[in-house]
Amino acid sequence: QVQLVESGGGLVQAGGSLRLSCAASGSIFSIDVMGWYRQAPGKQRELVAAIVSDGSTNYVDSVKGRFTISSVNAKNTVYLQMNSLKPEDTAVYYCNAGITNGVDMGYDAYWGQGTQVTVSS
């Protein structure tokens, strides 16, 4: 059906940068929104950034000015450029997308498998 595959996590020192990628594949009719969530140990999963099909974006306050979300609609891919990383950004980052599938035109939220981002101080 529909799959989200993430890449780009890793270990970086504070102040460094990472770029996450997430590609959606399968029977896709349309994608309304794509975003990135993160979950740190012992904390709830939170929305980090999202981009809607019209190009509008939103960010959690803690990453504004440091992270940039972008997408390539033709490739059903979303990116998260993370600069000036801080130890508190350490978490598992999950890609999320609201997708209408091309089989029965059903709408669902899909999740990637998660990618670990670790920022050392």
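Some observations on this one:
- Among the trypsin sites (Lys or Arg not before Pro) in segment 46-83, those placed in a DSSP loop whose Cβ has at most 13 other Cβ atoms within 10 Å are Lys64.
- Using the empirical formula 2.2 N^0.38 Å as the baseline, the Cα radius of gyration of segment 28-120 reaches a ratio of 1.12.
- Residue order for Thr68, Thr100 - accessible surface, 1.4 angstrom probe, largest first: Thr68, Thr100
- Cβ-derived FRET efficiency at R0 41 Å, Met105 paired with Asn83, nearest 0.05: 0.60
- Note on Thr118 and Asn73: with the Förster distance fixed at 35 Å, the Cβ-Cβ geometry gives a FRET efficiency of about 0.70.
- Shape analysis of segment 7-82 places it in the prolate category; the axes a ≥ b ≥ c from the Cα gyration tensor give an a/c of at least 1.5, with a/b above b/c.
- Anchor Lys64: lysines whose Cα lies under 21 Å away (excluding residues fewer than 8 positions away in-chain): Lys43, Lys86
- For the chain, share of DSSP beta bridges that run antiparallel, in % to the nearest 5: 90 percent
The values are calculated or read from the model by the stated rules, or taken from the named source; none is laboratory data. Source: prediction; values computed, not measured. Note that we place each Cβ from the backbone using ideal geometry, even for glycine, and neighbour counts take in every protein chain shown. With ligands, DNA and RNA removed, areas are computed over all heavy atoms of the protein, side chains included. Shrake-Rupley method; radii C 1.70, N 1.55, O 1.52, S 1.80 Å.
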